[in-house]
Amino acid sequence: MIEVIFFDLGNVILPFDNYQIAEKLCRFSQKREFQDPKKIFSYLFDLKKGMINDFDKGRVSPPEFFQSVKEYLGLSISFEKFIPIWTDIFIENQEVAEIIRSLKGRWRLGLLSNTDPLHFNYIVSTFPIVSALEKWILSYEVGFKKPDVHIFQKAIEWASVPPRSILLIDDTKGHVEAAISLGMQGVHFVSADQLRKELSMKLNTPSP
């Protein structure tokens, strides 16, 4: 019996593409090697070594993050101009937003996201659907990123129900597997249509 449903944010509720950040920043680099967006993308977003990891874990502030990126990449750009390049990368999956609205009030809904304060502040101010979710568990606030078990434990603590009564919807298979290893249920998100079918089976209801 599922009581709590956690949604991932990026590429579930809000499709996005980080590569466009690298494409925009390379125009401002004074260093020849970083006039190649592929090299900027790797520096920023490599899963193990990328600068994004400390930012997503709340270990550096937005100005500190920007200053490190600016110096390393040799950017001729202000923090004020950097912010929209960094943040304006999302669109809303309106079908998923409609699924969330259909579930609200019948199940407790939460957000479980690897994100940083610049992205999340922009998202909250731009996409009202995020405020339909009762609880936000964010990597930069708790200090851990999925698939680290600690962020899932924060979700379980807040839910205050047995893990088997919690469902995670995430587009990253490894995150779903990590949740399942802790006793939670999971859906590997592929599309809104697929999600409707999976929810219908797991919640034992007509498709939302």
With criteria (1) open to solvent by 20 Å² or more (accessible area, probe 1.4 Å); (2) under 18 Å from the mean Cα position of the chain (by Cα); (3) basic (Lys, Arg), Lys197 comes up short on (2)
Let me confirm something: among Lys104, Lys135, which residue is over 12 Å from Phe7 (Cα atoms) and open to solvent by 10 Å² or more (accessible area, probe 1.4 Å)? Lys104
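Any residue at all in the stretch 156-175 that's of a type in the set (S, T, N, Q) and in contact with a helix residue (DSSP H, G or I) (Cβ under 8 Å, 6 or more places away or on another chain)?
We begin by selecting, within the stretch 156-175, every residue of a type in the set (S, T, N, Q); these are 160, 165, 172.
From what's left, in contact with a helix residue (DSSP H, G or I) (Cβ under 8 Å, 6 or more places away or on another chain): 165.
Yes, because at least one residue in the stretch 156-175 is of a type in the set (S, T, N, Q) and in contact with a helix residue (DSSP H, G or I) (Cβ under 8 Å, 6 or more places away or on another chain).
Would it be correct to say that Arg27 is more than 30 Å from Val190 (Cα to Cα), open to solvent by 60 Å² or more (accessible area, probe 1.4 Å) and outside any helix (DSSP H, G or I)?
Numbers: more than 30 Å from Val190 (Cα to Cα): yes; open to solvent by 60 Å² or more (accessible area, probe 1.4 Å): yes; outside any helix (DSSP H, G or I): no.
Considered against the rule, which asks whether it is more than 30 Å from Val190 (Cα to Cα), open to solvent by 60 Å² or more (accessible area, probe 1.4 Å) and outside any helix (DSSP H, G or I), Arg27 comes out as no.
Test Glu141 against the criterion of being outside any strand (DSSP E or B), open to solvent by 70 Å² or more (accessible area, probe 1.4 Å) and either touching a residue at least 60 places away in the same chain (Cβ under 8 Å) or farther than 24 Å from Gly58 by Cα (or both), and give yes or no.
Values: outside any strand (DSSP E or B): yes; open to solvent by 70 Å² or more (accessible area, probe 1.4 Å): yes; either touching a residue at least 60 places away in the same chain (Cβ under 8 Å) or farther than 24 Å from Gly58 by Cα (or both): yes.
Here the answer is yes, as Glu141 does meet what is asked.
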Within the stretch 171-207, residues modelled with pLDDT of 95 or more, β-branched (Val, Ile, Thr) and either more than 21 Å from Ile100 (Cβ to Cβ) or not in a helix (DSSP H, G or I) (or both) come out as Thr172, Ile180, Val187, Val190
Residue, nearest to the chain's Cα centre (by Cα), within the stretch 79-89, restricted to residues that are open to solvent by 20 Å² or more (accessible area, probe 1.4 Å) and more than 17 Å from Cys26 (Cβ to Cβ): Ile83
Those residues that are among the hydrophobic types (A, V, I, L, M, F, W, C), in contact with an Asp or Glu (Cβ under 8 Å, 6 or more places away or on another chain) and more than 15 Å from Leu109 (Cα to Cα), I need them from the stretch 140-177; list them, please. Val176
Any residue in the stretch 41-61 that's assigned to a helix (DSSP H, G or I): show its pairings with residues that are surrounded by 17 or more Cβ atoms within 10 Å (Cβ to Cβ) and among the acidic types (Asp, Glu) at Cβ separation under 9 Å, as long as the two are six or more apart or on different chains. Ile52/Asp116; Phe55/Asp116; Asp56/Asp116
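Please determine whether any residue of the stretch 149-170 is assigned to a loop (DSSP other than H, G, I, E, B) and surrounded by 17 or more Cβ atoms within 10 Å (Cβ to Cβ). Before you say what the answer is, go through the steps one by one.
Looking only at the stretch 149-170, we keep the residues that are assigned to a loop (DSSP other than H, G, I, E, B), and these are 160-162.
Subsequent filtering for residues that are surrounded by 17 or more Cβ atoms within 10 Å (Cβ to Cβ) retains none.
For the stretch 149-170, residues assigned to a loop (DSSP other than H, G, I, E, B) and surrounded by 17 or more Cβ atoms within 10 Å (Cβ to Cβ): absent.
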Test Phe189 against the criterion of being buried (at least 18 other Cβ atoms within 10 Å of the Cβ), of a type in the set (Phe, Trp, Tyr) and free of Cβ contacts under 8 Å to residues at least 60 places away in the same chain, and give yes or no. no
Scan the stretch 64-80 and tell me whether some residue there is of a type in the set (Val, Ile, Thr), within 21 Å of Ile129 (Cα to Cα) and at pLDDT 95 or above. no
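Does Ile21 satisfy the criteria of being closer than 23 Å to Ile123 by Cα and either of a type in the set (Asp, Glu) or assigned to a helix (DSSP H, G or I) (or both)? I'd like the intermediate steps shown before the answer.
On the way: closer than 23 Å to Ile123 by Cα: yes; either of a type in the set (Asp, Glu) or assigned to a helix (DSSP H, G or I) (or both): yes.
For Ile21, the condition - closer than 23 Å to Ile123 by Cα and either of a type in the set (Asp, Glu) or assigned to a helix (DSSP H, G or I) (or both) - is met.
The values are calculated or read from the model by the stated rules, or taken from the named source; none is laboratory data. Keep in mind it's a predicted model, so treat the numbers as computed, not measured. Please note: Cβ atoms are built from the backbone with ideal geometry, for glycine as well, and neighbour counts cover all protein chains shown. Just the protein is used for accessible areas: all its heavy atoms, side chains included, with ligands, DNA and RNA removed. Shrake-Rupley method; radii C 1.70, N 1.55, O 1.52, S 1.80 Å.
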